[in-house]
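So the structure is just underneath, and the comments pick up after that.
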Amino acid sequence: MAQENAAFSPGSEEPPRRRGRQRYVEKDGRCNVQQGNVRETYRYLTDLFTTLVDLQWRLSLLFFVLAYALTWLFFGAIWWLIAYGRGDLEHLEDTAWTPCVNNLNGFVAAFLFSIETETTIGYGHRVITDQCPEGIVLLLLQAILGSMVNAFMVGCMFVKISQPNKRAATLVFSSHAVVSLRDGRLCLMFRVGDLRSSHIVEASIRAKLIRSRQTLEGEFIPLHQTDLSVGFDTGDDRLFLVSPLVISHEIDAASPFWEASRRALERDDFEIVVILEGMVEATGMTCQARSSYLVDEVLWGHRFTSVLTLEDGFYEVDYASFHETFEVPTPSCSARELAEAAARLDAHLYWSIPSRLDEKVEEEGAGEGAGAGDGADKEQNGCLPPPESESKVTGKQAVEVNPEQGPWRGT
């Protein structure tokens, strides 16, 4: 019992914390992994649309401008070659000559006509004539290819602008995770919240433990991923994220923290990655928000401050206290040791109840024995009826009284 009480004492000295490890996932959700020595770069071109969407904004804008500018220059050069090949540039002052394109007197004019054709502006000053079949074919090709380029580039920009990862910026995680008791069991907890009034539909939460391990055969597995149960079996991982929620991982026999005490946890080297997924209510697109907690960001013996208050006709969330915690009495032992101590206490209570009952029965038996002695005295005084058999000795003769057969004498 002294050891169990010492486990609850908050005054134990804390061991020095280890130097912080390199994050696998940053606090803002960015994965701290870079792809190196990728030789099969042609695979990026097989999915050109996704490649353009994943580019940085400055590169996306550069490709957007180049796609239109190069297309206009390419077709402008072809229009100039047609005019040059037909001799239209040599008959600019000849009113009897029918050119391929009216008022096309050089490369600049051909470039402007290419822009008017592809963007369907049509100012009316430069126009194609019916005496140029090659120009008609080129006009059809540029209209078709221009529509394809327009659809492709505008689609890339629209998807890039409406990417749901911007929606994830308003999904917040607590800066620390905590370990404390819930219903008599140690739990690892963190808090999530949504800053917007438009909610995340079908929200779900997952947690991963990132920790290197070595197998029994000696194989070293860096950054091994282990699932942390946050209510998948009970459905608690499906969230109705209207107000901030505290997500709890119960440290049971299936948890990787089952045998980790406070000191062991602080000496360990791991990272907990939490992933929140759901659909954006306004657009219907899937959104994912991520964050992580290192060993130094897991507070043992703390609990989150409440942020929800009841006002006049509504509930109010105070996000100023979203990251705040406070200390609570929490055992420093591991969850396994806590469960064993609880089991010993239950066993002690189980066996102490029959022993107390036995003591009560013995006390009642002793009382009955004392009452029987008093009865014997009263029987001698004739206050109680005689027992089944009784012997009385008077002088040398014994008289036995039998209630069934009556008294008889013997010598």
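The values are calculated or read from the model by the stated rules, or taken from the named source; none is laboratory data. Note that this is a predicted model, so its numbers are computed, not measured. FYI the Cβ positions are ideal-geometry reconstructions off the backbone, even for glycines, and counts take in every protein chain you see. Only protein heavy atoms, including side chains, enter the accessible area calculation; ligands, DNA and RNA are left aside. Shrake-Rupley method; radii C 1.70, N 1.55, O 1.52, S 1.80 Å.
Given R0 = 45 Å, the distance between the Cβ atoms of Glu316 and Ile136 translates into a calculated FRET efficiency of 0.05. Shown here: the stretch 277-345, whose C-alpha atoms stretch 54, 35, 26 Å along the first, second and third principal axes, sorted largest to smallest. Calculate log10 I(q)/I(0) of the stretch 67-145 for q = 0.11, 0.20, 0.25 Å⁻¹, where I(q) comes from the Debye formula with a single equal point scatterer on each Cα and nothing for solvent. Those come out to -0.24, -0.80, -1.26, one per q.
Residue separation of Asp183 and Asn102 scaled by 0.36 nm, minus their Cα-Cα distance, works out to 20.5 nm of gained length. Summing Lys and Arg as +1 and Asp and Glu as -1 over all other residues whose Cβ lies under 13 Å from the Cβ of Thr170 gives a net charge of 0.
For the stretch 167-336, the Cα gyration tensor yields ellipsoid semi-axes of 29, 21, 13 Å (square root of five times each eigenvalue, largest first, whole Å). Extension gain for Asp28 to Ser198 (0.36 nm times residue separation, less C-alpha to C-alpha distance): 59.1 nm.
Taking only the Cα atoms of the stretch 157-258, the ratio Rg/Rh comes out at 1.06, with Rh defined as the Kirkwood radius.
Using a 1.4 Å probe on the protein chains only, how many percent of the accessible area of the stretch 62-104 belongs to carbon and sulfur?
Carbon and sulfur atoms account for 68 percent of the accessible area of the stretch 62-104.
A simple count of charges around Cys100, restricted to other residues whose Cβ falls under 12 Å of its Cβ and scoring Lys, Arg +1 and Asp, Glu -1, yields -1.
Heavy-atom surface analysis with a 1.4 Å probe gives the stretch 134-236 a carbon and sulfur content of 60 percent of its accessible area.
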